[in-house]
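*Asks:* Let me give you the structure first, and then I'll get to my questions.
Values quoted throughout were computed directly from the atomic coordinates according to the rules given, and no laboratory measurement underlies them. Model, not experiment: these values are computed from the prediction. When we count neighbours, we look across all protein chains shown, and the Cβ atoms used for this are built from the backbone with ideal geometry, even at glycine.
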Amino acid sequence: MDNRSSGKKALSRDDRPVFPKRAVITGGMPYGNKELHFGHVGGVFVFADVYARFLRDRIGAENVIFVSGTDCYGSPIAESYRKLVKDKGYKGSIEDFVRSNHESQKKTLDDYGISLNLFGASGLGRTAEVHNEVSDKFIRKLYENGHLRMISTPQFYDEKAGTFLNGRQVVGKCPVQGCQSEKGYADECDLGHQYMPQDLIDPRSTVTGEKPIMKDVMNWYFKLPEHLDILREYTENIKKKDNVRQVVYKTIGEFLEPPVIYIMNDYREKYDEIKDKLAKHELMEEPKKSSFTIVFSALEDREASCGILSEAGIRFRTGKTLVPFRLTGNIEWGVPAPVLENEDPLTVWVWPESLWAPISFTQAYLESIGKKREEWKDFWCSKDAQVYQFIGQDNIYFYGIAEMAMFMAQQEGGKLSCEPKDGELQLPILVANHHILFLDKKASSSGAVKPPMAAELLNYYTAEQLRMHFLSLGLGMRSVSFQPKPLNPAANPDEGDPVTKEGFLLSNVFNRIIRTCFYDTQKYFDGKMPVGAVDEEILADSEKAVLEYERFMYKFEFHQVTYVLDSYIRKASKYMAKAKAEADKADDNELRRKWLTNVFHMIKTAAVLLHPIAPDGTEMVREYLELDEKLWNWDNIFDTLSDTLLKGETEHKLKFLEPRVDFFKRHESQFEK
């Protein structure tokens with residue numbers, strides 16, 4: 001059986017998926033130190049936008065809020081700003097720097113048709129004010145509920161520069177076993193692995209290039225390891241859901257293991273000499289591996305043992321596990337942290353506040369349209385609502401572990417639940433994509449392979465061509481390479497551009513269908529579209545396409561959505577070619593009326609299904625059909641035009657279509673000169 005139909009029995013109207021009454025969609029926040037590269041748009045924002053647009057059509061635009069924003073804080077921004085001032089003589093403030101990048105990001109998203117209700121900024125304007133208030137309340141609630149702890153931890157200090165180093169100002173090798181990242185920062189690597197700062201291998205200061213020392217500092221930490229059991233329960237819960245991707249719960253599960261240390265077999269004798277000095281642990285020997293494992297019952301035991309191993313000259317790696325999640329830091333550019341126990345004023349570490357920033361943005365958006373900020377609870381705390389967070393797989397640790405635990409820790413009453421009651425903060429559904437590669441390599445702004453900027457791609461493709469292509473890649477299943485021919489020096493000049501394949505379905509096939517119907521209507525029926533009964537076979541094909549499309553949307557299987565559209569549009573083209581040829585051969589207007597009625601129904605259905613993906617082209621179709629916005633309403637999805645929108649009419653005047661007009665455009669660079 002064709003895997004495009006998922007191998008299951010035919011869908012029916014009786015088993016359609018259930019969507020929430022209200023929804024929030026969020027896209028992972030880009031750092032405010034740069035423009036958007038193609039991965040931000042093609043790996044996250046296009047998917048979030050398509051789903052937001054779909055839900056607006058499906059449950060009503062007034063019931064959907066789509067928010068994201070620039071992540072204004074954090075060491076990447078501070079370090080980029082420092083370098084810009086030092087190396088380029090930049091004269092503006094760090095706020096000026098961030099604002100410039102925020103405006104650039106917003107323009108790029110607009111150019112791609114990303115229909116955010118609000119693209120805020122955690123450190124700028126009214127959204128910053130709201131975000132500061134939300135951050136204060138969120139952290140205070142964690143403290144009041146007993147989930148915070150002030151911990152003295154060693155922090156990197158550059159003696160030559162005379163300053164503490166934060167985040168990206170320290171670079172070394174990730175200490176987590178199996179990780180090959182050479183971009184390990186203060187307490188996380190560029191692949192999202194978390195560890196304690198003192199475990200970083202070969203640290204170097206980016207400020208002076210010197211090896212930093214460690215100095216103790218006091219900060220607030222969320223007691224993440226204490227939430228191991230509820231996170232395991234949560235993980236088992238989401239495994240049962242058919243709209244949660246495997247990569248989400250598998251990645252979360254990797255961190256829900258006991259604390260371990262991996263030691264190379266070469267150090268076995270040294271280990272045997274000092275093993276009694278280590279905290280209580282279990283030795284696991286695996287003969288076929290080059291290392292052995294020691295397992296601890298508590299993180300504190302592992303960390304104490306790490307120090308003993310280091311003093312003995314034994315090299316080791318630590319395994320993935322839950323570590324206390326830092327909430328505060330001592331950098332000036334950051335969200336002010338609440339003073340909870342007479343400590344010196346601190347700022348909030350960037351990762352925690354970015355996790356609840358969508359709540360801040362939801363409140364700011366509601367306020368901007370004249371509603372009360374408290375109405376955010378209707379979208380975040382109601383059993384009738386659902387939050388969908390679109391992220392990259394590298395960030396699953398933060399969203400799937402730290403966020404979920406902190407959201408549950410907001411609950412009253414002591415005993416936490418992974419199925420919060422109505423009125424409590426509900427748990428979002430994570431939609432995590434695998435990496436989108438560039439020319440078969442993982443591209444990163446800080447890596448060797450530099451990704452193209454998202455804005456640059458619009459010099460070669462239309463936004464709708466790129467949207468169609470990104471959706472088709474199947475990033476929900478695996479990492480996939482983006483291969484734009486104009487930017488690929490190894491591309492075969494005799495072969496087509498893989499990026500345009502899906503878009504040509506619209507600019508070639510669907511354009512031809514629509515134009516043919518309009519021109520024949522103008523030629524034979526004075527521009528008045530026939531309105532009447534649609535053949536049962538056409539209705540059945542259309543219903544099948546709608547039900548498959550809806551099911552795949554519900555499960556975020558966007559590549560399957562593009563397959564459904566491809567099959568349906570090509571079926572419409574094949575039917576039209578045959579029916580038109582027969583009518584023209586017989587020169588029979590009744591046959592023309594019949595095939596036009598059928599194909600206009602298929603155009604209507606395809607346009608509704610395409611509306612979230614290719615909004616500009618489909619809005620143009622609606623305009624020329626002389627129909628109102630009710631066309632997009634899924635309450636009418638199975639109806640013919642004569643059933644609802646044109647009820648009582650036998651013909652409907654269309655807007656006149658000039659010759660060679662395209663509803664779905666090709667980029668000007670794609671035409672032969």
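*Asks:* Determine the distance separating the Cα centre of the range 479-511 from the Cα centre of the range 108-184; give it in Å without decimals.
*Replies:* Going from one Cα centre to the other spans 38 Å.
*Asks:* Still on this structure, please answer the following. Pick out, in residue order, every one of the trypsin sites (Lys or Arg not before Pro) in the range 274-334 that is DSSP loop and has at most 14 other C-beta atoms within 10 Å; say none if there are none.
*Replies:* Answer in residue order: K280, K288, K289, R315.
*Asks:* Still on this model: Could you work out the relative contact order of the range 501-670, using alpha carbon pairs under 8 angstrom and six or more residues apart, expressed as a whole percent?
*Replies:* Here the relative contact order equals 36 percent.
*Asks:* Moving to a separate point now. For the chain, give the share of DSSP beta bridges that are antiparallel, in percent and rounded to the nearest 5; count only bridges with both residues there.
*Replies:* 60
*Asks:* Right, here's the next one. Would you order K183, K372 from fewest to most other beta-carbon atoms within 10 Å of each residue's own beta-carbon?
*Replies:* So the ranking, lowest neighbour count to highest, is K372, K183.
*Asks:* Which percent of Cα pairs goes in each bin when the distances of the range 501-670 are cut into 10 angstrom slices starting at zero?
*Replies:* Pairs per bin, as whole percents: 10, 41, 38, 11, 1.
*Asks:* Using the charge dipole of the chain (Lys, Arg: +1 at Cβ; Asp, Glu: -1 at Cβ; taken about the Cα centre), state which of M468, P615, N63 has its Cα farthest towards the positive end.
*Replies:* After comparing all options, I get M468.
*Asks:* Now a separate question. Tell me what the chain gives for mean residue ellipticity at 222 nm when only DSSP H runs of n ≥ 4 count, each as -39,500 (n - 2.57), the sum divided by the residue total, rounded to 500 deg cm²/dmol.
*Replies:* For the chain, the value works out to -12000 deg cm²/dmol.
*Asks:* Okay, moving on. Fewest to most neighbouring Cβ within 10 Å: what's the order for R245, R22?
*Replies:* Sorted ascending by nearby Cβ count, the order is R22, R245.
*Asks:* Scan the range 457-532 for GluC sites (Glu not before Pro) in coil per DSSP, keeping those whose Cβ has at most 14 other Cβ atoms within 10 Å, and list them by number.
*Replies:* Here the sparse-neighbourhood loop sites are E495.
*Asks:* Another question, then. Given [x] 1.12; [y] 0.96; [z] 1.02, which label gives Rg/Rh (Cα atoms, Kirkwood Rh) as computed from the coordinates?
*Replies:* [z]
*Asks:* Do any GluC sites (Glu not before Pro) in the range 295-373 lie in a loop, going by DSSP, with at most 15 other beta-carbon atoms within 10 Å of their beta carbon, and if so which?
*Replies:* Answer by residue number: E332, E341, E343.
*Asks:* If you don't mind, there's one more thing I want to ask. Beyond a 31 Å Cα-Cα separation, which of these cross-linked pairs lie in this structure: K160/K275; K223/K442; K289/K442; K215/K239?
*Replies:* Too far apart for the 31 Å limit: K160/K275; K223/K442; K215/K239.
*Asks:* Just want the ordering: F156, F97, from fewest to most Cβ atoms lying within 10 Å of their own Cβ.
*Replies:* Starting with the residue having the fewest Cβ neighbours, the order is F97, F156.
*Asks:* Related question: Under unit Cβ charges (Lys, Arg +1; Asp, Glu -1), what dipole magnitude, rounded to 20 debye, does the chain have relative to its Cα centre?
*Replies:* Once rounded to the nearest 20, the dipole reads 920 debye.
*Asks:* Also, I was wondering about something else. Give the separation of the Cα centroids, the range 371-423 to the range 277-309, in Å.
*Replies:* 35
*Asks:* Could you name the aspartates and glutamates whose alpha carbon sits less than 20 Å from that of K485, not counting residues in the same chain fewer than 8 places away?
*Replies:* Counting by Cα, and skipping residues close in sequence, K485 has these aspartates and glutamates nearby: D440, E456, E464, D494, E495, D497, E502, E668, E672.
*Asks:* Find which of M529, Y568, S507 sits farthest along the positive direction of the dipole of the range 501-670, computed with +1 on the beta-carbon of Lys and Arg, -1 on that of Asp and Glu, about the Cα centre.
*Replies:* Going by the Cα projections, it comes out as S507.
*Asks:* Mind checking which of G162, F54, M404 is farthest towards the positive end of the chain's charge dipole, using Cβ charges of +1 (Lys, Arg) and -1 (Asp, Glu) about the Cα centre?
*Replies:* F54
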